[in-house]
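Asks: The structure that follows is given in the form of structure tokens.
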Amino acid sequence: MNFLKYIKAPMNTEPVDRMVLEKLSKRNIYEVICILEKISREISSRLKNDLDRKLEEFSIMNKNHLEEIFENKEQIELSKFYEKLPKPTSISLQYFLDGKIKIKSI
């Protein structure tokens, strides 16, 4: 998935001024949180689908060698990569703060 390269969200939870979010979106904080939650779910779904697709390749390889159970270094590295990614909520918030997500006014 090509958007993984561009994720620059913080790994740890960081406070964000509510007034900044309201000013950028021109909406109240509740609406901003609801919108970002929907975007977070979409990001989470994309990450899960991407990981599942990549892990499926390993399961196909393992079906050919049912007798052998071995640790696949590439699979371990892939899992570590996804574990180190920021949470989808942090990603959606950072996208919004960077101007990559526009919330239209009603």
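Asks: Tell me whether the range 53-76 contains one or more residues that are at pLDDT 85 or above, more than 20 Å from residue 24 (Cβ to Cβ) and aliphatic (A, V, I, L, M).
Replies: No: the range 53-76 contains no residue that is at pLDDT 85 or above, more than 20 Å from residue 24 (Cβ to Cβ) and aliphatic (A, V, I, L, M).
Asks: Being modelled with pLDDT of 80 or more, within 30 Å of residue 104 (Cα to Cα) and out of contact with any Leu (no Cβ under 8 Å at 6 or more places or on another chain) is true for just one of 79, 25. Which residue is that?
Replies: 25 is the lone residue from the list that is modelled with pLDDT of 80 or more, within 30 Å of residue 104 (Cα to Cα) and out of contact with any Leu (no Cβ under 8 Å at 6 or more places or on another chain).
Asks: How about the range 26-36: which of its residues are within 21 Å of residue 86 (Cβ to Cβ) and either open to solvent by 90 Å² or more (accessible area, probe 1.4 Å) or of a type in the set (S, T, N, Q) (or both)?
Replies: Correct list: 33 only.
The values are calculated or read from the model by the stated rules, or taken from the named source; none is laboratory data. Computed from a prediction, not measured in an experiment: that's the story for all the values here. Here Cβ is always computed from backbone atoms with ideal geometry, including for glycine, and neighbour counts include all displayed protein chains. SASA here: full protein model, heavy atoms, side chains in, ligands and nucleic acids out. Shrake-Rupley method; radii C 1.70, N 1.55, O 1.52, S 1.80 Å.
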